[in-house]
Amino acid sequence: MSEEHNVRSKMTSVELVLGVLAVLSVILLLIPTDLIKFHKTLIASDYDAHLYKDNGLSEIRWLDQEKQLWECVLNDQHITPFCSMQLDIIDEHGKGINLSDYDSMTIWLNYTGEAEHLRVYLRNRNPQYFVLGDITSTKYNVVEVPVSQLKDGLVIDMNNINVADWWLSSHKIPLQLSRPEFEDVVYLEIQTGSQSREGVHQIQLEKVEWQGAWLTQAALYKIIILVWIMFIFAILIYRIVALNIQLKNNQRYQKELISINDFLNLKNKKFEDLAKTDPLTGLHNRLGIRDALYEGLNNWKNQRQPFSFVLIDIDHFKRLNDTYGHDMGDKVLQLTALQLGKNIRRTDFLARWGGEEFILVCPNTTLDEAEVVAEFLRDKIEHMDIDSDHAITASFGVSSMSEPDLKKLFKSADDALYQAKEQGRNRVVTSI
Ligand SMILES: Nc1nc2c(ncn2[C@@H]2O[C@H](COP(=O)(O)OP(=O)(O)OP(=O)(O)O)[C@@H](O)[C@H]2O)c(=O)[nH]1
């Protein structure tokens, strides 16, 4: 019973974890992606900026250096005309910004002119190609962006940034180093686009923001699926272990039952359907006390709980039968059963063992305690009211379990009962 309760309470906790997991999964799936994002903002005016241009006739100048507003008058004479503003984003320790964990970049920029595109460079430093004193040896990670959307903030996926071909070839960069890198970005550069032609271009960079996610959506799905798989796996293992334990317990119970049936003289199949009640007295019959025997035996084995038997036998019952007839004998059996049943403890189990003999199974009871119980019952029988002048008494044999053997326990109670009869009946004898 307690085991069943155990399994049931464990199953309830499994269901609880299942519920919590389901709720968590739903929350994680519905969580706004902004909550799992982190940001880095760069205000352009907080950093030093430098202007430079091609070697041709293009002109470049600050219109308002404080606001970082600059102007480029592009001249086509040069083969690759350009104007550039280079923002120095190295910190006081000489380190650039690590943007490798960010997924996207948003740029706010004001532009006046005819160009349709501008170039944005994120120039990265890496000792594998960076040469001290040569700032062009920083890797030119570049993206060309449409100017029309820059004013309201243009979002650029970091995956769309590539390394400029001209830089790869002019610095003879090996293939394995040709991928974009953002671990140590030291310059942010805004440059006129490749298609920009002659004319005036006014540019003012306001700010740049990078966004990254603690977890990508794909990683989140993977984690949820993984947790569910692990949980299902854990349940499976738990079920297998629990079933194994249950199986072992059942096997033990079956084994125990066979030995108890043997003790009770019950032939398994034949008696399985028998009612557990003795029809004459209304008490348990032998089958009726089988569960009590199983529990008492196991409690003795597992917890060393004392376990006692009291055997009760009506004295000179044959004489009573012979003198007053069998019906009177039956009546005395019923009255004795009633008297015993009324006076036993609620924790004990009384059964008619057979004929005029009864057994009282006393779980969690020492020999001394069982002796007290027996003496109390003996007295109750001696003073029982019966409709005859024939005095009814009974003899009692008491024993307590000293080894896990029901037959031996019964035998010592029976021996004690025999002693009680020998010593003159109407008495309690305990086994030694
Ligand atoms: N009326 C009646 N008698 C029964 C029943 N079962 C057994 N008996 C009788 O109980 C008697 C038992 O007699 P014994 O075993 O000699 O024992 P006893 O006469 O009580 O003697 P002691 O036990 O030594 O005091 C027998 O005569 C059985 O026939 C029953 O269900 N009803």
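The values are calculated or read from the model by the stated rules, or taken from the named source; none is laboratory data. Since the structure is predicted, the reported quantities are computational estimates derived from the model, not experimental observations. Cβ: placed from backbone, ideal geometry, glycine included. Neighbour counts: every protein chain shown. Side chains are part of the model used for accessible areas, which takes the heavy atoms of the whole protein and leaves out ligands, DNA and RNA. Shrake-Rupley method; radii C 1.70, N 1.55, O 1.52, S 1.80 Å.
Counting only strands (runs of 3 or more DSSP E) that sit wholly inside segment 59-169, those with at least 3 residues that are open to solvent by 60 Å² or more (accessible area, probe 1.4 Å) and either modelled with pLDDT under 95 or assigned by TED's automatic domain parsing to the domain that holds Val185 (or both) are 59-64. Out of everything in segment 200-216 that is touching a helix residue (DSSP H, G or I) at 6+ places or on another chain (Cβ under 7 Å) and at pLDDT below 90, what residue ends up being surrounded by the fewest Cβ atoms within 10 Å (Cβ to Cβ)? Taking the candidates together, the pick is Trp214. Tell me, yes or no, whether segment 150-169 has at least one residue that is under 25 Å from Ile60 (Cα atoms) and of a type in the set (S, T, N, Q). No: segment 150-169 contains no residue that is under 25 Å from Ile60 (Cα atoms) and of a type in the set (S, T, N, Q). Inside segment 394-432, residues that are under 24 Å from Phe317 (Cα atoms) and either part of a helix (DSSP H, G or I) or more than 16 Å from the ligand (Cβ to nearest atom) (or both) make up a count of 17. Among the numbered conditions (1) touching a residue at least 60 places away in the same chain (Cβ under 8 Å); (2) within 16 Å of the ligand (Cβ to nearest atom), the only one that Ile386 does not meet is (1).
Only helices (runs of 4 or more DSSP H) whose full extent lies in segment 255-360 are considered here, and the ones with at least 1 residues that are within 16 Å of the ligand (Cβ to nearest atom) and buried (at least 19 other Cβ atoms within 10 Å of the Cβ) are 317-324, 326-343.
Under the condition of being touching a residue at least 40 places away in the same chain (Cβ under 8 Å) and under 59 Å from the mean Cα position of the chain (by Cα), the residues counted in segment 55-97 number 12.
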